[in-house]
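> Structure below; questions to follow.
The values are calculated or read from the model by the stated rules, or taken from the named source; none is laboratory data. Treat the numbers as computed from the prediction; the structure is a model and nothing was measured. Reconstructed Cβ throughout: ideal geometry from the backbone, glycine too, with neighbour counts over all protein chains shown. Just the protein is used for accessible areas: all its heavy atoms, side chains included, with ligands, DNA and RNA removed. Shrake-Rupley method; radii C 1.70, N 1.55, O 1.52, S 1.80 Å.
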Number of protein chains: 2
Amino acid sequence: MFNASPDIRQQINDNPPLHPAEGVRHSPISSVVLTNADVDHVAGLLTLRESQPFSLYATSRVLSVLAENTIFNVLNPDFVVRRQLALEQPFEPRTRDGEPLGLTVEAFAVPGKVALYKEDASAGANFGSVAEDTVGLRITETGGDGRSLFYLPGCAALPAGLKARLKGAALLLFDGTLWRDDEMLAQGAGVKTGQRMGHLSMAGPEGTIAGFADLGIARKVFIHINNTNPVLLLDSPERAEVEAAGWTVARDGMELEL
Amino acid sequence: MFNASPDIRQQINDNPPLHPAEGVRHSPISSVVLTNADVDHVAGLLTLRESQPFSLYATSRVLSVLAENTIFNVLNPDFVVRRQLALEQPFEPRTRDGEPLGLTVEAFAVPGKVALYKEDASAGANFGSVAEDTVGLRITETGGDGRSLFYLPGCAALPAGLKARLKGAALLLFDGTLWRDDEMLAQGAGVKTGQRMGHLSMAGPEGTIAGFADLGIARKVFIHINNTNPVLLLDSPERAEVEAAGWTVARDGMELEL
(Lines give C-alpha, C1' and ligand atoms only; values in the text may rest on other atoms or scores of the structure.)
Protein backbone atom coordinates (compact mmCIF):
# COMPACT_ATOMS: atom_id res chain seq x y z
CA MET A 1 0.00 0.00 0.00
CA PHE A 2 1.41 3.39 -0.93
CA ASN A 3 -1.24 5.37 0.90
CA ALA A 4 0.25 6.79 4.09
CA SER A 5 -1.91 8.11 6.88
CA PRO A 6 -1.44 11.78 7.77
CA ASP A 7 0.27 11.06 11.09
CA ILE A 8 3.11 9.19 9.41
CA ARG A 9 5.88 11.01 11.26
CA GLN A 10 4.36 10.22 14.64
CA GLN A 11 4.09 6.60 13.56
CA ILE A 12 7.75 6.45 12.59
CA ASN A 13 8.62 7.71 16.04
CA ASP A 14 6.26 5.20 17.65
CA ASN A 15 7.57 2.30 15.56
CA PRO A 16 11.34 2.47 15.15
CA PRO A 17 12.71 0.13 12.48
CA LEU A 18 13.52 -3.36 13.73
CA HIS A 19 17.02 -4.72 13.55
CA PRO A 20 17.49 -7.88 11.48
CA ALA A 21 17.34 -11.08 13.51
CA GLU A 22 20.05 -12.97 11.60
CA GLY A 23 22.86 -11.19 9.77
CA VAL A 24 22.73 -7.64 8.48
CA ARG A 25 20.40 -8.39 5.57
CA HIS A 26 17.91 -10.76 7.20
CA SER A 27 14.19 -10.25 6.71
CA PRO A 28 11.37 -12.26 8.32
CA ILE A 29 9.51 -12.50 4.99
CA SER A 30 9.62 -16.16 3.93
CA SER A 31 6.52 -16.37 1.74
CA VAL A 32 4.49 -13.87 -0.31
CA VAL A 33 0.94 -14.38 -1.62
CA LEU A 34 -0.25 -11.90 -4.26
CA THR A 35 -3.93 -11.04 -4.69
CA ASN A 36 -3.58 -8.86 -7.80
CA ALA A 37 -0.97 -7.68 -10.32
CA ASP A 38 -1.53 -3.94 -9.88
CA VAL A 39 1.44 -1.76 -9.03
CA ASP A 40 0.41 -1.36 -5.40
CA HIS A 41 0.47 -5.16 -4.99
CA VAL A 42 3.63 -6.10 -6.90
CA ALA A 43 6.01 -3.10 -6.95
CA GLY A 44 7.12 -3.91 -3.40
CA LEU A 45 8.77 -7.05 -4.80
CA LEU A 46 11.30 -4.77 -6.50
CA THR A 47 12.53 -3.32 -3.22
CA LEU A 48 13.18 -6.55 -1.37
CA ARG A 49 16.74 -7.67 -0.73
CA GLU A 50 18.43 -9.02 -3.83
CA SER A 51 19.33 -12.31 -2.15
CA GLN A 52 16.28 -12.83 0.06
CA PRO A 53 14.97 -16.40 -0.14
CA PHE A 54 11.19 -16.66 -0.24
CA SER A 55 8.37 -18.34 -2.14
CA LEU A 56 5.95 -16.31 -4.21
CA TYR A 57 2.37 -17.57 -4.63
CA ALA A 58 -0.11 -16.19 -7.15
CA THR A 59 -2.72 -17.28 -9.67
CA SER A 60 -1.52 -18.35 -13.11
CA ARG A 61 -2.89 -15.06 -14.44
CA VAL A 62 -0.84 -12.92 -12.03
CA LEU A 63 2.25 -15.12 -12.47
CA SER A 64 1.98 -14.64 -16.23
CA VAL A 65 2.00 -10.86 -15.79
CA LEU A 66 5.14 -11.12 -13.66
CA ALA A 67 6.71 -13.45 -16.22
CA GLU A 68 6.15 -11.02 -19.09
CA ASN A 69 7.82 -8.21 -17.13
CA THR A 70 11.57 -8.82 -17.15
CA ILE A 71 12.09 -6.34 -14.32
CA PHE A 72 10.82 -9.03 -11.93
CA ASN A 73 13.90 -11.07 -12.84
CA VAL A 74 15.53 -9.16 -9.98
CA LEU A 75 13.82 -11.95 -8.06
CA ASN A 76 16.71 -14.32 -8.69
CA PRO A 77 15.39 -17.91 -9.13
CA ASP A 78 18.24 -19.08 -6.91
CA PHE A 79 16.42 -17.36 -4.05
CA VAL A 80 12.79 -16.94 -5.09
CA VAL A 81 10.56 -19.78 -6.26
CA ARG A 82 7.28 -18.85 -7.97
CA ARG A 83 4.38 -21.19 -7.16
CA GLN A 84 1.00 -21.20 -8.81
CA LEU A 85 -2.09 -21.24 -6.61
CA ALA A 86 -5.50 -22.47 -7.76
CA LEU A 87 -8.79 -20.82 -6.77
CA GLU A 88 -10.80 -22.57 -4.03
CA GLN A 89 -7.91 -24.98 -3.31
CA PRO A 90 -6.54 -24.54 0.23
CA PHE A 91 -2.75 -24.82 0.42
CA GLU A 92 -0.03 -24.46 3.00
CA PRO A 93 2.48 -21.76 2.08
CA ARG A 94 6.04 -22.97 2.45
CA THR A 95 9.40 -21.26 2.59
CA ARG A 96 11.74 -21.35 -0.39
CA ASP A 97 13.17 -24.56 1.04
CA GLY A 98 9.82 -26.27 1.56
CA GLU A 99 9.30 -25.68 5.26
CA PRO A 100 5.58 -25.20 6.05
CA LEU A 101 4.62 -21.97 7.80
CA GLY A 102 1.79 -23.51 9.81
CA LEU A 103 -0.88 -21.64 7.91
CA THR A 104 -3.53 -22.74 5.45
CA VAL A 105 -4.51 -20.28 2.73
CA GLU A 106 -7.40 -20.42 0.32
CA ALA A 107 -7.75 -17.96 -2.54
CA PHE A 108 -11.10 -17.15 -4.11
CA ALA A 109 -12.18 -14.82 -6.90
CA VAL A 110 -13.80 -11.53 -5.89
CA PRO A 111 -15.39 -8.85 -8.08
CA GLY A 112 -12.53 -6.72 -9.33
CA LYS A 113 -10.52 -5.63 -12.30
CA VAL A 114 -7.44 -6.53 -14.30
CA ALA A 115 -4.31 -4.55 -13.39
CA LEU A 116 -4.44 -0.97 -14.72
CA TYR A 117 -1.42 -1.51 -16.99
CA LYS A 118 -3.06 -4.59 -18.52
CA GLU A 119 -6.45 -3.02 -19.23
CA ASP A 120 -7.77 -3.79 -22.71
CA ALA A 121 -10.04 -0.92 -23.75
CA SER A 122 -11.36 -2.97 -26.67
CA ALA A 123 -12.63 -5.71 -24.34
CA GLY A 124 -15.69 -3.83 -23.11
CA ALA A 125 -16.78 -2.63 -19.69
CA ASN A 126 -14.58 -4.99 -17.69
CA PHE A 127 -11.38 -4.25 -19.69
CA GLY A 128 -10.69 -7.95 -20.21
CA SER A 129 -10.70 -8.86 -16.52
CA VAL A 130 -10.91 -12.53 -15.55
CA ALA A 131 -11.67 -14.26 -12.25
CA GLU A 132 -7.99 -14.79 -11.43
CA ASP A 133 -7.14 -11.08 -11.68
CA THR A 134 -8.43 -10.24 -8.22
CA VAL A 135 -8.62 -12.69 -5.37
CA GLY A 136 -9.36 -12.64 -1.67
CA LEU A 137 -7.60 -14.90 0.84
CA ARG A 138 -8.86 -16.94 3.75
CA ILE A 139 -6.04 -17.65 6.20
CA THR A 140 -6.28 -20.12 9.06
CA GLU A 141 -3.86 -21.81 11.42
CA THR A 142 -3.17 -25.32 10.17
CA GLY A 143 -4.61 -27.73 12.72
CA GLY A 144 -6.01 -24.81 14.71
CA ASP A 145 -9.56 -23.99 15.79
CA GLY A 146 -10.62 -22.88 12.31
CA ARG A 147 -10.97 -19.19 13.07
CA SER A 148 -10.24 -17.27 9.88
CA LEU A 149 -8.60 -14.08 8.80
CA PHE A 150 -9.95 -12.84 5.47
CA TYR A 151 -7.79 -10.48 3.39
CA LEU A 152 -9.50 -8.60 0.55
CA PRO A 153 -7.54 -5.46 -0.35
CA GLY A 154 -9.55 -4.91 -3.54
CA CYS A 155 -13.22 -5.75 -4.01
CA ALA A 156 -15.77 -4.08 -6.30
CA ALA A 157 -19.03 -5.59 -5.03
CA LEU A 158 -20.59 -7.80 -2.35
CA PRO A 159 -22.57 -10.54 -4.06
CA ALA A 160 -24.50 -12.98 -1.85
CA GLY A 161 -21.95 -15.76 -2.32
CA LEU A 162 -19.13 -13.58 -1.03
CA LYS A 163 -21.19 -12.47 1.97
CA ALA A 164 -21.92 -16.09 2.81
CA ARG A 165 -18.22 -16.91 2.68
CA LEU A 166 -17.23 -14.08 5.01
CA LYS A 167 -20.10 -14.51 7.47
CA GLY A 168 -18.97 -15.00 11.07
CA ALA A 169 -15.27 -14.50 10.31
CA ALA A 170 -12.97 -13.78 13.24
CA LEU A 171 -11.12 -11.02 11.41
CA LEU A 172 -11.67 -9.21 8.11
CA LEU A 173 -9.18 -6.89 6.38
CA PHE A 174 -11.15 -5.20 3.63
CA ASP A 175 -10.77 -2.71 0.77
CA GLY A 176 -11.18 0.78 2.23
CA THR A 177 -10.03 2.74 -0.81
CA LEU A 178 -12.76 5.37 -0.91
CA TRP A 179 -15.40 6.81 1.37
CA ARG A 180 -17.75 7.45 -1.53
CA ASP A 181 -17.61 6.43 -5.17
CA ASP A 182 -17.12 9.93 -6.69
CA GLU A 183 -14.69 11.14 -4.03
CA MET A 184 -11.66 11.61 -6.30
CA LEU A 185 -13.67 13.64 -8.81
CA ALA A 186 -15.23 15.74 -6.05
CA GLN A 187 -11.79 16.58 -4.61
CA GLY A 188 -10.20 17.26 -7.99
CA ALA A 189 -7.77 14.40 -7.35
CA GLY A 190 -8.68 12.24 -10.33
CA VAL A 191 -11.26 11.46 -12.98
CA LYS A 192 -12.15 7.90 -11.98
CA THR A 193 -14.88 6.56 -9.74
CA GLY A 194 -14.27 3.77 -7.27
CA GLN A 195 -16.29 1.42 -9.46
CA ARG A 196 -14.09 2.28 -12.44
CA MET A 197 -11.04 1.34 -10.35
CA GLY A 198 -12.59 -1.89 -9.05
CA HIS A 199 -13.33 -0.71 -5.52
CA LEU A 200 -16.47 -0.69 -3.41
CA SER A 201 -16.85 2.45 -1.26
CA MET A 202 -17.58 2.67 2.45
CA ALA A 203 -20.62 4.95 2.62
CA GLY A 204 -24.21 4.68 1.48
CA PRO A 205 -26.85 1.98 1.28
CA GLU A 206 -24.79 -0.05 -1.22
CA GLY A 207 -21.51 0.59 0.60
CA THR A 208 -19.21 -1.59 2.65
CA ILE A 209 -20.39 -0.45 6.07
CA ALA A 210 -24.00 -1.31 5.26
CA GLY A 211 -23.08 -4.48 3.42
CA PHE A 212 -21.18 -5.98 6.36
CA ALA A 213 -23.47 -4.73 9.12
CA ASP A 214 -25.26 -8.02 9.76
CA LEU A 215 -22.63 -10.65 8.98
CA GLY A 216 -21.46 -11.25 12.55
CA ILE A 217 -17.78 -10.58 11.79
CA ALA A 218 -15.89 -10.20 15.05
CA ARG A 219 -13.30 -7.62 13.88
CA LYS A 220 -13.46 -5.52 10.73
CA VAL A 221 -10.45 -3.49 9.61
CA PHE A 222 -10.27 -1.15 6.63
CA ILE A 223 -7.00 -1.41 4.70
CA HIS A 224 -5.78 -0.09 1.30
CA ILE A 225 -7.08 3.39 2.08
CA ASN A 226 -6.67 6.11 -0.52
CA ASN A 227 -5.29 9.47 0.57
CA THR A 228 -8.54 11.16 -0.46
CA ASN A 229 -10.52 9.13 2.09
CA PRO A 230 -11.62 11.34 5.01
CA VAL A 231 -11.54 8.39 7.45
CA LEU A 232 -7.75 8.94 7.57
CA LEU A 233 -8.39 12.16 9.49
CA LEU A 234 -8.66 11.26 13.15
CA ASP A 235 -11.18 14.03 13.84
CA SER A 236 -13.44 13.63 10.79
CA PRO A 237 -17.14 12.72 11.08
CA GLU A 238 -16.47 9.88 8.61
CA ARG A 239 -13.85 8.41 10.98
CA ALA A 240 -16.36 8.60 13.81
CA GLU A 241 -18.95 6.92 11.61
CA VAL A 242 -16.80 3.92 10.63
CA GLU A 243 -15.69 3.44 14.22
CA ALA A 244 -19.28 3.65 15.47
CA ALA A 245 -20.10 0.95 12.91
CA GLY A 246 -17.49 -1.33 14.47
CA TRP A 247 -14.66 -0.84 11.96
CA THR A 248 -11.02 -0.10 12.69
CA VAL A 249 -8.97 2.04 10.28
CA ALA A 250 -5.59 0.36 9.75
CA ARG A 251 -2.36 2.28 10.32
CA ASP A 252 1.30 1.64 9.56
CA GLY A 253 2.90 -0.59 12.17
CA MET A 254 -0.42 -2.06 13.32
CA GLU A 255 -0.22 -5.55 14.79
CA LEU A 256 -3.14 -7.96 14.84
CA GLU A 257 -3.53 -11.14 16.83
CA LEU A 258 -6.12 -13.76 15.97
CA MET B 1 17.94 5.78 -4.83
CA PHE B 2 16.63 3.46 -2.14
CA ASN B 3 19.60 3.88 0.16
CA ALA B 4 18.59 6.01 3.13
CA SER B 5 21.09 7.60 5.44
CA PRO B 6 20.93 6.55 9.10
CA ASP B 7 19.61 9.89 10.33
CA ILE B 8 16.49 9.56 8.19
CA ARG B 9 14.09 10.45 10.96
CA GLN B 10 15.92 13.68 11.77
CA GLN B 11 15.85 14.52 8.07
CA ILE B 12 12.10 13.98 7.87
CA ASN B 13 11.69 16.40 10.76
CA ASP B 14 14.03 18.91 9.10
CA ASN B 15 12.31 18.64 5.74
CA PRO B 16 8.54 18.46 6.10
CA PRO B 17 6.70 17.44 2.90
CA LEU B 18 5.81 20.31 0.59
CA HIS B 19 2.23 21.03 -0.32
CA PRO B 20 1.32 20.85 -4.02
CA ALA B 21 1.52 24.20 -5.81
CA GLU B 22 -1.48 23.66 -8.10
CA GLY B 23 -4.36 21.36 -7.19
CA VAL B 24 -4.17 18.48 -4.76
CA ARG B 25 -2.21 16.18 -7.08
CA HIS B 26 0.29 18.62 -8.58
CA SER B 27 3.97 17.70 -8.76
CA PRO B 28 6.82 19.92 -10.01
CA ILE B 29 8.29 17.04 -12.07
CA SER B 30 7.84 17.96 -15.74
CA SER B 31 10.66 15.96 -17.32
CA VAL B 32 12.62 12.83 -16.38
CA VAL B 33 15.98 11.72 -17.83
CA LEU B 34 17.03 8.13 -17.12
CA THR B 35 20.69 7.12 -16.97
CA ASN B 36 20.16 3.36 -16.57
CA ALA B 37 17.36 0.75 -16.51
CA ASP B 38 18.20 -0.76 -13.12
CA VAL B 39 15.47 -0.93 -10.51
CA ASP B 40 16.91 1.95 -8.48
CA HIS B 41 16.66 4.19 -11.56
CA VAL B 42 13.26 3.20 -12.98
CA ALA B 43 11.08 1.81 -10.16
CA GLY B 44 10.30 5.34 -9.00
CA LEU B 45 8.32 5.81 -12.22
CA LEU B 46 5.78 3.35 -10.82
CA THR B 47 4.99 5.54 -7.84
CA LEU B 48 4.34 8.81 -9.65
CA ARG B 49 0.80 10.13 -9.92
CA GLU B 50 -1.30 8.22 -12.44
CA SER B 51 -2.19 11.38 -14.37
CA GLN B 52 1.02 13.35 -14.06
CA PRO B 53 2.09 14.88 -17.37
CA PHE B 54 5.82 14.68 -18.05
CA SER B 55 8.29 13.71 -20.74
CA LEU B 56 10.60 10.75 -20.26
CA TYR B 57 14.03 10.80 -21.92
CA ALA B 58 16.32 7.78 -22.22
CA THR B 59 18.57 5.99 -24.69
CA SER B 60 16.96 3.61 -27.16
CA ARG B 61 18.38 0.75 -25.12
CA VAL B 62 16.74 1.89 -21.86
CA LEU B 63 13.49 2.79 -23.65
CA SER B 64 13.38 -0.72 -25.12
CA VAL B 65 13.67 -2.22 -21.63
CA LEU B 66 10.75 -0.06 -20.47
CA ALA B 67 8.76 -1.03 -23.58
CA GLU B 68 9.18 -4.75 -22.95
CA ASN B 69 7.90 -4.35 -19.39
CA THR B 70 4.13 -3.83 -19.52
CA ILE B 71 4.07 -2.59 -15.93
CA PHE B 72 5.41 0.75 -17.22
CA ASN B 73 2.15 1.17 -19.10
CA VAL B 74 0.94 2.77 -15.88
CA LEU B 75 2.68 5.73 -17.53
CA ASN B 76 -0.41 6.55 -19.58
CA PRO B 77 0.64 7.87 -23.03
CA ASP B 78 -2.05 10.56 -22.67
CA PHE B 79 0.18 12.06 -19.97
CA VAL B 80 3.70 10.73 -20.49
CA VAL B 81 5.60 10.99 -23.77
CA ARG B 82 8.74 8.84 -24.16
CA ARG B 83 11.55 10.54 -26.08
CA GLN B 84 14.75 8.91 -27.28
CA LEU B 85 18.03 10.65 -26.56
CA ALA B 86 21.22 10.08 -28.54
CA LEU B 87 24.69 9.92 -26.98
CA GLU B 88 26.86 13.03 -27.37
CA GLN B 89 23.92 15.04 -28.78
CA PRO B 90 22.96 17.96 -26.51
CA PHE B 91 19.20 18.48 -26.27
CA GLU B 92 16.79 20.71 -24.42
CA PRO B 93 14.38 18.70 -22.25
CA ARG B 94 10.80 19.84 -22.74
CA THR B 95 7.60 19.32 -20.83
CA ARG B 96 4.95 16.92 -22.12
CA ASP B 97 3.49 19.85 -24.05
CA GLY B 98 6.75 20.94 -25.63
CA GLU B 99 7.70 23.82 -23.35
CA PRO B 100 11.51 24.03 -22.94
CA LEU B 101 12.85 23.89 -19.39
CA GLY B 102 15.75 26.24 -20.04
CA LEU B 103 18.32 23.50 -19.65
CA THR B 104 20.62 21.75 -22.09
CA VAL B 105 21.47 18.12 -21.40
CA GLU B 106 24.08 15.93 -23.01
CA ALA B 107 24.27 12.20 -22.32
CA PHE B 108 27.49 10.24 -22.75
CA ALA B 109 28.41 6.60 -22.21
CA VAL B 110 30.33 5.74 -19.04
CA PRO B 111 31.84 2.41 -17.97
CA GLY B 112 29.01 0.45 -16.42
CA LYS B 113 26.76 -2.55 -16.71
CA VAL B 114 23.44 -3.65 -18.16
CA ALA B 115 20.55 -3.66 -15.67
CA LEU B 116 20.76 -6.60 -13.25
CA TYR B 117 17.51 -8.13 -14.50
CA LYS B 118 18.77 -8.01 -18.11
CA GLU B 119 22.16 -9.61 -17.44
CA ASP B 120 23.07 -12.31 -19.95
CA ALA B 121 25.39 -14.77 -18.22
CA SER B 122 26.26 -16.35 -21.58
CA ALA B 123 27.61 -13.05 -22.94
CA GLY B 124 30.87 -13.10 -21.02
CA ALA B 125 32.39 -10.80 -18.42
CA ASN B 126 30.27 -7.76 -19.25
CA PHE B 127 26.95 -9.68 -19.25
CA GLY B 128 25.97 -8.26 -22.63
CA SER B 129 26.31 -4.61 -21.60
CA VAL B 130 26.38 -1.95 -24.32
CA ALA B 131 27.37 1.72 -24.28
CA GLU B 132 23.78 2.93 -23.96
CA ASP B 133 23.14 0.91 -20.79
CA THR B 134 24.84 3.40 -18.48
CA VAL B 135 25.17 7.09 -19.24
CA GLY B 136 26.30 10.23 -17.46
CA LEU B 137 24.68 13.61 -17.98
CA ARG B 138 26.09 17.08 -18.47
CA ILE B 139 23.51 19.72 -17.59
CA THR B 140 23.91 23.42 -18.36
CA GLU B 141 21.63 26.43 -18.38
CA THR B 142 20.59 27.16 -21.97
CA GLY B 143 22.15 30.47 -22.95
CA GLY B 144 23.94 30.66 -19.60
CA ASP B 145 27.62 30.98 -18.75
CA GLY B 146 28.39 27.35 -19.60
CA ARG B 147 29.05 26.13 -16.07
CA SER B 148 28.11 22.47 -15.89
CA LEU B 149 26.56 20.04 -13.50
CA PHE B 150 27.61 16.45 -14.19
CA TYR B 151 25.40 13.62 -12.94
CA LEU B 152 26.92 10.12 -12.89
CA PRO B 153 25.08 7.89 -10.41
CA GLY B 154 26.77 4.74 -11.70
CA CYS B 155 30.31 4.52 -13.05
CA ALA B 156 32.70 1.56 -13.00
CA ALA B 157 36.00 3.22 -14.03
CA LEU B 158 37.68 6.54 -14.79
CA PRO B 159 39.30 6.31 -18.22
CA ALA B 160 41.29 9.32 -19.45
CA GLY B 161 38.53 10.45 -21.81
CA LEU B 162 36.01 10.65 -18.99
CA LYS B 163 38.43 12.56 -16.78
CA ALA B 164 39.02 15.06 -19.57
CA ARG B 165 35.28 15.57 -19.96
CA LEU B 166 34.71 16.23 -16.26
CA LYS B 167 37.81 18.42 -15.73
CA GLY B 168 37.03 21.84 -14.27
CA ALA B 169 33.31 21.16 -13.81
CA ALA B 170 31.38 23.48 -11.51
CA LEU B 171 29.51 20.62 -9.83
CA LEU B 172 29.82 16.84 -9.93
CA LEU B 173 27.31 14.34 -8.51
CA PHE B 174 29.08 10.99 -8.60
CA ASP B 175 28.57 7.30 -7.82
CA GLY B 176 29.34 6.80 -4.13
CA THR B 177 27.99 3.26 -3.80
CA LEU B 178 30.85 1.70 -1.85
CA TRP B 179 33.82 2.80 0.23
CA ARG B 180 35.88 -0.16 -0.89
CA ASP B 181 35.29 -2.80 -3.54
CA ASP B 182 34.86 -5.83 -1.21
CA GLU B 183 32.80 -3.99 1.39
CA MET B 184 29.59 -6.00 1.00
CA LEU B 185 31.44 -9.30 1.31
CA ALA B 186 33.43 -8.06 4.33
CA GLN B 187 30.22 -7.02 6.11
CA GLY B 188 28.32 -10.21 5.21
CA ALA B 189 25.80 -8.09 3.30
CA GLY B 190 26.26 -9.65 -0.10
CA VAL B 191 28.49 -11.69 -2.37
CA LYS B 192 29.28 -9.09 -5.04
CA THR B 193 32.12 -6.66 -5.38
CA GLY B 194 31.61 -3.09 -6.52
CA GLN B 195 33.24 -3.93 -9.83
CA ARG B 196 30.80 -6.82 -10.32
CA MET B 197 27.93 -4.35 -9.79
CA GLY B 198 29.40 -1.73 -12.11
CA HIS B 199 30.58 0.70 -9.44
CA LEU B 200 33.92 2.33 -8.72
CA SER B 201 34.70 2.61 -4.99
CA MET B 202 35.83 5.67 -3.05
CA ALA B 203 39.00 4.50 -1.32
CA GLY B 204 42.45 3.42 -2.50
CA PRO B 205 44.86 4.45 -5.23
CA GLU B 206 42.43 3.39 -7.99
CA GLY B 207 39.41 4.86 -6.19
CA THR B 208 37.21 7.86 -6.82
CA ILE B 209 38.80 10.18 -4.27
CA ALA B 210 42.27 9.70 -5.81
CA GLY B 211 40.94 9.73 -9.35
CA PHE B 212 39.28 13.12 -9.01
CA ALA B 213 41.94 14.78 -6.83
CA ASP B 214 43.57 16.85 -9.54
CA LEU B 215 40.71 17.64 -11.91
CA GLY B 216 39.88 21.09 -10.57
CA ILE B 217 36.20 20.33 -9.97
CA ALA B 218 34.69 23.09 -7.84
CA ARG B 219 32.15 20.95 -5.92
CA LYS B 220 32.11 17.17 -5.65
CA VAL B 221 29.12 15.36 -4.13
CA PHE B 222 28.76 11.63 -3.54
CA ILE B 223 25.30 10.28 -4.38
CA HIS B 224 23.83 6.76 -4.77
CA ILE B 225 25.40 5.61 -1.51
CA ASN B 226 24.91 2.03 -0.39
CA ASN B 227 23.85 1.37 3.20
CA THR B 228 27.07 -0.54 3.82
CA ASN B 229 29.18 2.56 3.11
CA PRO B 230 30.71 3.93 6.33
CA VAL B 231 30.70 7.51 5.00
CA LEU B 232 27.00 7.56 5.90
CA LEU B 233 28.01 7.57 9.56
CA LEU B 234 28.60 11.18 10.55
CA ASP B 235 31.35 10.26 13.04
CA SER B 236 33.26 7.68 10.95
CA PRO B 237 36.91 8.16 9.91
CA GLU B 238 35.81 7.48 6.32
CA ARG B 239 33.35 10.40 6.49
CA ALA B 240 36.15 12.61 7.77
CA GLU B 241 38.40 11.41 4.97
CA VAL B 242 35.98 12.17 2.13
CA GLU B 243 35.23 15.59 3.58
CA ALA B 244 38.93 16.35 3.99
CA ALA B 245 39.32 15.42 0.31
CA GLY B 246 36.75 18.07 -0.61
CA TRP B 247 33.70 15.81 -1.12
CA THR B 248 30.21 16.30 0.27
CA VAL B 249 28.06 13.27 1.15
CA ALA B 250 24.56 13.86 -0.21
CA ARG B 251 21.52 13.58 2.06
CA ASP B 252 17.78 13.46 1.52
CA GLY B 253 16.32 16.93 1.04
CA MET B 254 19.64 18.46 -0.01
CA GLU B 255 19.38 21.49 -2.29
CA LEU B 256 22.14 22.56 -4.65
CA GLU B 257 22.55 25.86 -6.47
CA LEU B 258 24.85 26.25 -9.44
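> Please give the total accessible area that chains B and A bury against each other, computed with a 1.4 Å probe and expressed in Å² to the nearest 100.
The B and A chains share an interface burying roughly 2600 Å².
> Okay, next question. Using a label position 7 Å from Cα in the Cα→Cβ direction, what is the ascending list of nm distances from B:E92 to the same site in the other copies?
Ordered by distance, the counterparts are at 6.7 nm.
> Sticking with this one: Which percent of the accessible heavy-atom area of region B:147-258 goes to carbon and sulfur, probe 1.4 angstrom?
With neighbouring chains kept in place, the figure for region B:147-258 is 52 percent.
> Place a +1 charge on the Cβ of each Lys and Arg in region B:22-81 and a -1 charge on the Cβ of each Asp and Glu, then give the dipole magnitude about the Cα centre in debye, rounded to the nearest 20.
Dipole of region B:22-81, to the nearest 20 debye: 60 debye.
> State, to one decimal in nm, how far the label point of A:L258 lies from the label point of B:A67, with both points 7 Å from Cα in the Cβ direction.
4.7
> What pairs from A:K192/B:K118; B:K113/B:K192; A:K113/B:K118 go past 25 Å between their alpha carbons?
A:K192/B:K118; A:K113/B:K118
> Suppose we compare each residue of region A:185-215 in its chain alone and in the full protein complex with a 1.4 Å probe; which ones drop by at least 10 Å² of accessible area?
Residues losing area: A:Q187, A:G188, A:A189, A:K192.
> Restricting to Cα pairs below 8 Å that are 6+ residues apart, what does the relative contact order work out to for region B:147-258? Please round to a whole percent.
28
> Here's another thing I want to ask about it. Heavy-atom accessible surface, probe 1.4 Å, ligands and DNA/RNA ignored: which residues of region B:62-90 lose at least 30 Å² versus the isolated chain?
B:E68, B:N69, B:T70, B:I71, B:V74
> Run through the DSSP bridge list for chain B and note the antiparallel percent, rounded to the nearest 5.
Taking every DSSP beta bridge with both residues in chain B, the antiparallel ones total about 40 percent.
> Pairs of alpha-carbon atoms within less than 8 angstrom and 6+ residues apart define the contacts here; what relative contact order does region A:18-91 have, in percent?
31
> Here's something else I'd like to know. Considering only DSSP beta bridges with both partners in the protein assembly as shown, what is the antiparallel share in %, to the nearest 5?
Of all bridge pairs located within the protein assembly as shown, approximately 40 percent are antiparallel.
> Of the heavy-atom accessible surface of region B:68-130 (probe 1.4 angstrom), what whole percent is carbon and sulfur?
Looking at region B:68-130 in its full context, I get 49 percent from C and S.
> Using only DSSP helix segments of four residues or longer, with each worth -39500 (n - 2.57), what per-residue ellipticity at 222 nm results for the protein assembly as shown after dividing by its residue count and rounding to 500?
Only helices count here, giving -4000 deg cm²/dmol.
> Rounded to the nearest whole Å², what accessible area per residue is found for the protein assembly as shown with the 1.4 Å probe?
Normalised by residue count, the accessible surface of the protein assembly as shown is 48 Å².
> Normalised by the number of residues in chain A, what is the relative contact order in percent for Cα pairs under 8 Å and 6+ residues apart?
Here the relative contact order equals 15 percent.
> Projected onto the charge dipole of chain A (+1 at Lys/Arg Cβ, -1 at Asp/Glu Cβ, origin at the Cα centre), which of A:L137, A:A170, A:A213 gives the Cα projection farthest towards the positive end?
Final value for the positive-end residue is A:L137.
> Magnitude of the Cβ-charge dipole of region B:147-258, K/R +1 and D/E -1, about the Cα centre, nearest 20 debye?
In total the dipole reaches around 420 debye.
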